[in-house]
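These notes are about the structure you will find just below.
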Amino acid sequence: MCKFLRYFFYKNFTFTFVHFWYAFFCGFSAQTVYDEWFITLFNLVYTALPVLGMSLFDQDVNDRWSFQYPQLYSPGQLNMYFSKKAFVRCMMHSCYSSLILFFIPWAAMYDTVRDDGKDIVDYQSFALLAQTCLLIAVTIQLCLDTHYWTAVNQFFVWGSLSAYFAITFTMYSNGMFLIFTSSFPFIGTARNSLNQPNVWLTILLTSILCALPVVTFRFILIQLRPTINDKVRHKVRKEAVPAPRPGRPPTRRISTRRSGYAFSHAQGYGELVTSGRFLLKRPLKSRPVLFPQTDSPLAQSQPQFYRTINEESEEPQTA
Amino acid sequence: MMASSYNAKEEDGHHSGSSSHGGAGAVKSKKPDNTAFKQQRLPAWQPILTAGTVLPAFFVIGLIFIPIGIGLYVTSNNIKEYEVDYTGVDMSSPCFNCAQNFSWNSTTSCNCSVPFTLEQPFESNVFMYYGLSNFYQNHRRYVKSRDDSQLNGDRSSLKNPSKECEPYRTSDGLPIAPCGAIANSLFNDTLELYYIDANGSRTAIPLVKKGIAWWTDKHVKFRNPGGNNNNLTAAFQGTSKPVNWRKPVYELDPLDVDNNGFINEDFIVWMRTAALPTFRKLYRIIQKKASMTPTLPSGKYVLEVTYNYPVRSFEGRKRMILSTISWMGGKNPFLGIAYITVGSVCFFLGVVLLIIHHKYDNRNNSADIPN
């Protein structure tokens, strides 16, 4: 949740600060750097699903490892993920990114032209360049933040990027202009500027410059001051995947379902959970004891990476 | 103690069913399904930042960026460019008188000649630009002041321009075509180039005025009203010229019907508003000669200016630029220098991180996760 918040603030502050820098160059007339359609669709379409995917599916380690190392929950309880300090850091990062995202295109396009001599520093091409740089930079930041790439995440991220290009080319096409003339004045811009090598070189430079400090900083932190998360994830990576147990049915009665309780930084409902008062009432006979075995596989076994749960091969309950 | 107090769903269903069969049926369980999707057990790729991925990446980026930067820098240095500022700010400047004596309703145009010398010959196609400084074509009210439907040849917009064009919407009761502040401030200086050879005789350099605007602009975005009707005077009947123009729009190029009216290429180039306050716009093209002679040999030239466009009032500057072109566009060393810098920084960071990794990696390996 904190990751989602931090990323959301980052992308919106970056988006806004770029307009602040452009104000110095447009006579403080509040002219937007980006196309108005891009501003509308940025939060609705281009960056909505990837962020949702990250907040829903991201996990640093799976539930078996989380049970093995409950210390993983302590950073959350100590409010380390989203505090005033974290917010200020996010703001500074946005400030830096916005400086890169405006001034690199500005300097690269200053007084320059296309490879056939025609205009490329017109307002529309500059807007397209700036918005493409922004979208790719914030997508790379999301990719760096996501630790758990499911197929859904992959689809959301790459799908959003392709949707951006598809929608942009559609909106800047002849057809849309001829139907809705005043709504789509950017006709021809994508075709005329995105076929220029120096535009793509500028986009590449901007993206790398935005991502580089983040990667460097994180790598140095992992080396010098690894957090508990980093240590467990390195351990997970190092240990080989255990071979599946031959033919032995899982004898545990304890369900492998995770508790849906995610916010552990307050007093919480621990008492309520362990008392079992919230469970449905049913005849005592049919209800197994909460902790039937002390030598359950859960306490003994090494945490696994990803295992199938064969519910149908459970032992029959004692009635 | 680890609290995991759920029972398997099947057990519940089975027992609730058996205990209350025949009644209202099993109590519907609100527990989430035991699927991989809902229990967050989907197969996934879990990348982490290890030295094995980060360090090679830094070195590879450094090794790729530096040659690209060198290539860009060398290409930019090989582009030849020459600028002539002809605003006429100094007393010694040839166009000083024209700048000082400018008045809006003068009928005679003021001419001035600016001599200059090219040290090096210019090969291949040479592009002639006019550049303006301190001219905010990106001001919000200015950018909105146009009517794209009217410029696309829509007849109803021709007679009834959009409200965004105010106050340049109507003049003397007639709608203005083209309306808006952008069209009204069309650049109307005329620039001509002459080569002065060793004898002192002048030869005019042929300047091509077609092919300076984007193809999509000329053929899709800007269309004359009345379709392919060649009589533009009739098509623009009932409209008036913009306030600051000397000629109406259908007299921009009366000799060439493909360059007259809204599809005049100088007009189209001007209407494509610039993003920054210092900009250049393509004015003319000097085609390369068929033989091996350079397009613009080195030597003395003179620029003849018909000084129509006032910029002194807002401290603006006007200049004429002659430039050759390469695959990366015009002369701009920034990208080359930036790539070289970023490549070197990356490489250097890679080395630094390698040192850090060697020093501190033992600590990571032996570090036990505290209980």
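The values are calculated or read from the model by the stated rules, or taken from the named source; none is laboratory data. Worth saying up front: this structure is predicted, and the values here are computed from it rather than measured. Cβ placement follows ideal geometry from the backbone for every residue including glycine, while neighbour counts extend to all protein chains displayed. Ligands, DNA and RNA are stripped out before the accessible areas are found, and what is left, the full protein with its side chains, is counted by its heavy atoms. Shrake-Rupley method; radii C 1.70, N 1.55, O 1.52, S 1.80 Å.
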* **Taking chain B and dividing mean pair separation by its residue count, relative contact order in percent (alpha carbons under 8 Å, at least six apart)** => 32 percent
* Quick one: Debye curve from the C-alpha atoms of segment B:192-343, no solvent, what's log10 I(q)/I(0) at q = 0.15, 0.16 Å⁻¹? -> -1.08, -1.17
* Asked: With each pseudo-label sitting 7 Å past Cα toward Cβ, what's the B:W327-B:K31 distance in nm, one decimal?
  -> 6.4 nm
* Chain-alone versus full-assembly comparison, segment B:128-161, residues with accessible loss of at least 20 Å² (1.4 Å probe) -> B:Y129, B:Y136, B:N138, B:H139, B:R140, B:V143, B:D148, B:S149, B:N152
* Residue-averaged 222 nm ellipticity for chain B, from DSSP H runs of 4+ at -39500 (n - 2.57), nearest 500 -> -8500 deg cm²/dmol
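How high is the FRET efficiency from A:L272 to A:K238, r the C-beta distance, R0 45 Å, rounded to 0.05?
Details: r = 38 Å, r/R0 = 0.84.
The pair A:L272/A:K238 has a calculated efficiency of 0.75.
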* **By average C-beta atoms within 10 angstrom, highest first, the peptides A:158-164, B:322-328, B:65-71** => B:322-328, B:65-71, A:158-164
* Heavy atoms of A:V18: accessible area, 1.4 Å probe, square angstrom to 10 -> 0 Å²
* Given labels modelled 7 Å from the Cα in the Cβ direction, how far is it in nm from B:Y194 to A:T227? -> 7.5 nm
* Structure fact -> re segment B:90-145: pairs of Cα atoms spaced beyond 20 Å account for a percent value of 58 percent
* Just tell me how shielded B:62-71 is by partners: mean number of partner chain Cβ atoms within 10 Å of each residue's Cβ, no decimals. => 1
* Please report, as a whole percent, how much of the solvent-accessible surface of segment B:234-366 comes from carbon and sulfur atoms (probe radius 1.4 Å). => 61 percent
* Mind checking the log10 I(q)/I(0) for chain B at q = 0.09, 0.12, 0.14 Å⁻¹? Debye, one equal scatterer per Cα, no solvent, two decimals. -> -0.72, -1.01, -1.25
* Rounded to the nearest 0.05, what FRET efficiency do B:K38 and A:T16 give with R0 = 41 Å and r taken as the Cβ-Cβ distance? Could you check? => 0.65
* Asked: Can you give the accessible area of A:E36, probe radius 1.4 Å, in Å² rounded to 10?
  -> 110 Å²
* For B:R319 and B:F348 in the same chain, what is the full-extension length gain: residue separation times 0.36 nm, less their Cα-Cα distance, in nm? -> 6.2 nm
* Could you name the lysines whose alpha carbon sits less than 25 Å from that of B:K144, not counting residues in the same chain fewer than 8 places away? => A:K118, B:K159, B:K163, B:K218, B:K221, B:K241, B:K247, B:K281, B:K318
* To do: Report, to the nearest 10°, how far helix B:334-366 tilts away from the longest principal axis of the Cα atoms in chain B, using its own Cα long axis and a range of 0 to 90°.
  => 20 degrees
* Asked: If r is the Cβ-Cβ distance from A:L56 to B:S201 and R0 is 60 Å, what FRET efficiency results, to the nearest 0.05?
  -> 0.15
* So for the pair A:Y73, A:A30, with labels modelled 7 Å out along Cα→Cβ, what separation do we get in nm? -> 4.9 nm
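Please say if segment B:237-292 is rounded, prolate or oblate, where rounded means a/c under 1.5 for a ≥ b ≥ c the square roots of the C-alpha gyration tensor eigenvalues, and otherwise the choice is prolate for a/b larger than b/c and oblate otherwise?
Cα axes put segment B:237-292 in the oblate bin.
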* **Gain on full stretching of the segment that runs from B:T341 to B:S124 - 0.36 nm per residue minus C-alpha separation** => 75.0 nm
* Structure fact -> Using alpha-carbon positions, the gyration tensor of segment A:1-95 gives root eigenvalues a ≥ b ≥ c; with a/c under 1.5 called rounded, otherwise prolate if a/b exceeds b/c, else oblate, the class is oblate
* Residues of segment B:123-150 with amide N under 13 Å of the 7 Å Cα→Cβ point at B:N229 -> none
* Structure fact -> To the nearest Å², the heavy-atom accessible area per residue of segment A:1-70 with 1.4 Å probe amounts to 42 Å²
* Whether segment A:103-203 is rounded, prolate or oblate, judged on the alpha carbon gyration tensor where a/c under 1.5 counts as rounded -> oblate
* **Chains B and A, summed buried accessible surface - 1.4 Å probe, Å², nearest 100** => 9200 Å²
* Structure fact -> HN-Hα couplings for segment B:157-174 via Karplus (6.51, -1.76, 1.60; θ = phi - 60°), in whole Hz with x for Gly/Pro, come out as 6, 4, 8, 9, x, 5, 5, 5, 6, 4, x, 9, 9, 10, 8, 6, x, 9
* Give me the accessible area of B:H358, 1.4 Å probe, in Å² rounded to the nearest 10. => 130 Å²
* Find how many whole Å separate the alpha carbon centroid of segment A:59-94 from the alpha carbon centroid of segment B:45-114. => 46 Å
* To do: Find the cysteines in chain B that fail to meet the 4.7 Å Cβ criterion with every other cysteine, and list them.
  => B:C346
* What is the set of long-range amide H partners of B:T87 at a cut-off below 5 Å, with H atoms built 1.01 Å from backbone N? -> B:K318
